[in-house]
Each structure stands twice: as C-alpha cells, then as structure tokens.
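Inspection log for the structure reproduced underneath, given as structure tokens.
The values are calculated or read from the model by the stated rules, or taken from the named source; none is laboratory data. Owing to the predicted nature of the structure, the values given are computational and were not obtained by experimental measurement. Ideal geometry is used to build each Cβ from the backbone, glycine not excepted, and the neighbour counts take in all protein chains shown.
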Amino acid sequence: MKKTLKILGILMGAIVLIVLFGAATIQFSGIPSYETNPPSLTVEPDSALIAEGKRLATLVCNHCHQAPSGKLEGKFMSDIPAEFGKVWAPNITQFPQSRLAPYTDGELAFLLRTGIKRDGKYAPPWMPKFPHLSDEDLHSIIAYLRSDARELQPSEKVQPAPQPSFLVKLLCRIAFKPLPYPDKTIEAPPITDKVAYGRYLVTSKIDCYSCHSEDFKTMNIEEPEKSGGYLGGGNPMLSPEDGKTVVYSANLTMDKETGIGNWTEEEFIKAVRFGQRPDGKPLRQPMIPFSALSGEEVSAIWAYLKTAPPIRNEVARNWGE
Ligand code: HEC
Ligand code: HEC
C-alpha cells in the first residue's frame, strides 16, 4: 500500500513537472515561427489600382492601423480583451524603420494571405488574413501602400510590440495556424453576377462574416461558410470607444424575427453605408459605416444574404438606456 502510494506520488510529481515544463516552453518561446516562402511578385502600380487599394484599405486596414493623426502610424488596440494580452497595431507608413518598410511585394502578399510575417513569426488573429481575396485586389493594396498618399508619408512613431498572453501563445500552438499560400491565381466574380459578387464581399474581401458569425473562436477562415453560426450574429465584441462595453454582432440572416428578414434593401444599404438602423438607432463600433462601398456593392451583399440559410438567434443588443 505504502509503496503504491509512493509510486503514485512520483507519477503525479512527474506529470506536474511535464506540465510546468510545457507551460514554461510555451511562455518563453512565444508565438511560433514558420518557414517563409514568398512568391516573386512585383506589383506594377497604376492610378486605378492605387485608388482601389486606398478604398480597400479604408474598408479593411485603417480602422486598426490609422492613428487619430490620420497617418497609418499604428495605435493601441483598446478592443482586444485583456485575456489576449496587450496589442498595438504597428506603424505601416513609409518611415524607413516602420514595420512595413523592409517588406518586398512578395513578402506582403505572403503576409496578407498566410499570416506569416517576413521574420517567420505567425501574426495572431488580431491581424486579419485574406486567403480568398482576388489577386487584383491584393495587388491594389500593395500598390496603395507604396503610393505617395498623405496618410502613408513617414511617421517616426514606434508602437510597442504586441504582448500576447499565455492563452494566445497556447492557441497559436494548437488552434491558430498559418494558411497555405494559394497555388493558383484568384479572380473575383463580376459585379453583374450579384449573388456571387455579394458572397465574395462577405467572405473574402470585407469579411463581414468574421464579426457576424457566432464567435471568432469558431470562425473558419479557409471555408468561411463553415464558421459556427454563419452570419447568425451574437459574436461578443468590445467597443473600441471605451474598451469595456460589450457589443454583440447582429444577426444578418433573413430570419424574420431575430434577423433582418423584415428589412427592405434600402434600409439595409442605409445601415451598412451610413450606420443607421431603420428604427433610427446609430450602429455602434466595432461596426463602422462602410461608406466607401458603393450602393451597387451593398445591393450585391443583400442579394447574397437572401440566399444564406436563415438562423434563428436572438442577439442581446444591450443598447444601454
Ligand atoms: C483588426 C486589426 C487589424 C487590421 C484590420 C489590419 N491589421 Fe495589420 N496588424 C495588426 C496588428 C495587431 C499587427 C501586429 C501583429 C503582430 O506583430 O502580432 C499588424 C501587423 C501588420 C504588419 C506588420 C507585420 C510585421 O512584420 O510586423 C503589416 C505590414 C500590416 N499589419 C499590414 C496590414 C494591412 C495591409 C492591412 C489591410 C489589408 C491590415 N494590416 C489590417 C492589426 C490589424
Ligand atoms: C469588426 C466587426 C464587424 C464587421 C467587419 C462588420 N460588422 Fe456589421 N456589425 C457589427 C456589430 C458589432 C454590429 C452591432 C452594432 C450595434 O449593435 O450597435 C453590427 C451591425 C450590423 C448591421 C445592423 C443590423 C441590425 O440588426 O441592427 C448590419 C446591417 C451590418 N452590421 C452589416 C454588415 C456588413 C454588410 C458587413 C460587411 C460589409 C459588416 N456588417 C461588417 C460588427 C461588424
């Protein structure tokens, strides 16, 4: 009996040591690194490509990288829950010491598609990935980042490096993995094919689905439609305004009671482009008015949403007063 207890004790001790050792390894080695294999790519900029890149950046990059000064010099991200650590979006202006400056076009394409930075480190989910963006749209962002736009003029601001929590380091070992670099060119459907184009905007270009499904933890970047509660809303997010208030994403499916099945197309376009609901309530951040999207584009999104399976999910809107 005594002997068995002793062996048990030793075994338990060994398990505790192994767990501690594993935890220490994760804590000190941090976010994992991967091999980088950027494509050889030189984007040939022209004014149309740069203009589209600028528009796209206002839709999918600037709300994180743009400081109140207007420059893309980065900022503290107040809407990242404390359990994930402290995160700053870096300076991506043309300052020679910015995080963007050393990147080649190929390395940028590789980062934006796979999530692997040029130093091989994986960028955790606080920096989005664009595996299904068309090559042309991807090139437009790169052309824009090289352009002489005012907001990209050098700023010497240096943001602190993100301080990921143990949880993020752990998840980056077991759950979040870089995406493969596509082996074929990707083309966007024509805007005249409304449903297909709307789907492209929702799943690949503006990524409405990422916020509007049930949770970031069950989102499927490779196959967006397989995300948990696809477009059914309820994803809890912190308001970037105070870093405290929880705002749940809205149900964008056509369920008549809990979704937007009773809205008209005009009401939808107004909400998306100007942040105003049919009942007059202003939509709160992190939903931003997508005024850079054209009426035609939002109409395509509407056409696509009408084809997505309705989900009955009553979202707590906690409007406050
Ligand atoms: C939701 C917020 C968010 C959005 C949107 C976003 N980024 Fe980032 N970005 C970050 C954060 C946070 C980091 C820091 C990542 C890290 O080092 O862990 C980062 C890092 C970067 C880096 C530096 C990588 C390095 O080597 O350190 C570049 C370049 C970049 N982003 C470009 C972009 C571009 C271009 C877009 C739009 C297509 C974009 N980002 C959209 C938050 C964001
Ligand atoms: C960064 C996360 C995020 C992204 C990206 C996002 N949304 Fe939202 N959206 C929200 C949140 C959160 C709300 C709820 C706001 C509130 O309750 O005030 C919301 C609300 C809405 C509403 C209002 C619905 C209602 O019932 O009140 C519509 C419509 C909408 N979003 C459409 C879109 C579309 C279309 C896209 C893509 C072009 C998109 N959203 C992208 C977070 C996001």
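When segment 77-96 is examined, which residues are found to be within 16 Å of the chain's Cα centre (by Cα) and away from ligand 2 (no atom under 16 Å from the Cβ)?
Within segment 77-96, TRP88, PRO90 meet the criteria.
Given the condition surrounded by fewer than 13 Cβ atoms within 10 Å (Cβ to Cβ), of a type in the set (A, V, I, L, M) and either within 15 Å of ligand 1 (Cβ to nearest atom) or assigned to a helix (DSSP H, G or I) (or both), answer yes or no: does some residue in segment 32-52 qualify?
Within segment 32-52, one or more residues are surrounded by fewer than 13 Cβ atoms within 10 Å (Cβ to Cβ), of a type in the set (A, V, I, L, M) and either within 15 Å of ligand 1 (Cβ to nearest atom) or assigned to a helix (DSSP H, G or I) (or both).
I need the helices (runs of 4 or more DSSP H) fully contained in segment 202-321, keeping only those with at least 3 residues that are within 16 Å of ligand 1 (Cβ to nearest atom) and either surrounded by 14 or more Cβ atoms within 10 Å (Cβ to Cβ) or not assigned by TED's automatic domain parsing to the domain that holds PRO131 (or both).
Those helices (runs of 4 or more DSSP H) span 208-212.
Assess whether TYR230 counts as being closer than 24 Å to PHE130 by Cβ and either within 23 Å of the chain's Cα centre (by Cα) or touching a residue at least 24 places away in the same chain (Cβ under 8 Å) (or both).
Considered against the rule, which asks whether it is closer than 24 Å to PHE130 by Cβ and either within 23 Å of the chain's Cα centre (by Cα) or touching a residue at least 24 places away in the same chain (Cβ under 8 Å) (or both), TYR230 comes out as yes.
Looking at the structure I just gave you, is THR93 surrounded by fewer than 17 Cβ atoms within 10 Å (Cβ to Cβ) and under 23 Å from ALA51 (Cα atoms)?
In short, no.
Residue-wise test of (1) within 10 Å of ligand 1 (Cβ to nearest atom); (2) touching a residue at least 60 places away in the same chain (Cβ under 8 Å).
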| residue | (1), (2) |
| --- | --- |
| ARG55 | no, yes |
| HIS63 | yes, yes |
| PRO68 | no, no |
| GLU73 | no, yes |
| MET77 | yes, yes |
| PHE95 | no, yes |
| PHE110 | no, yes |
| THR114 | no, yes |
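Among the numbered criteria (1) among the hydrophobic types (A, V, I, L, M, F, W, C); (2) assigned to a loop (DSSP other than H, G, I, E, B); (3) not assigned by TED's automatic domain parsing to the domain that holds SER249, which single criterion is violated by LEU170?
(2)
If I filter segment 134-150 down to residues being of a type outside the set (A, V, I, L, M, F, W, C) and surrounded by fewer than 19 Cβ atoms within 10 Å (Cβ to Cβ), which single residue comes out as farthest from ligand 2 (Cβ to nearest atom)?
Per the criteria, the residue is ASP148.
Regarding LYS6, is this residue in contact with a strand residue (DSSP E or B) (Cβ under 9 Å, 6 or more places away or on another chain) and surrounded by 10 or more Cβ atoms within 10 Å (Cβ to Cβ)?
Details: in contact with a strand residue (DSSP E or B) (Cβ under 9 Å, 6 or more places away or on another chain): no; surrounded by 10 or more Cβ atoms within 10 Å (Cβ to Cβ): yes.
No.
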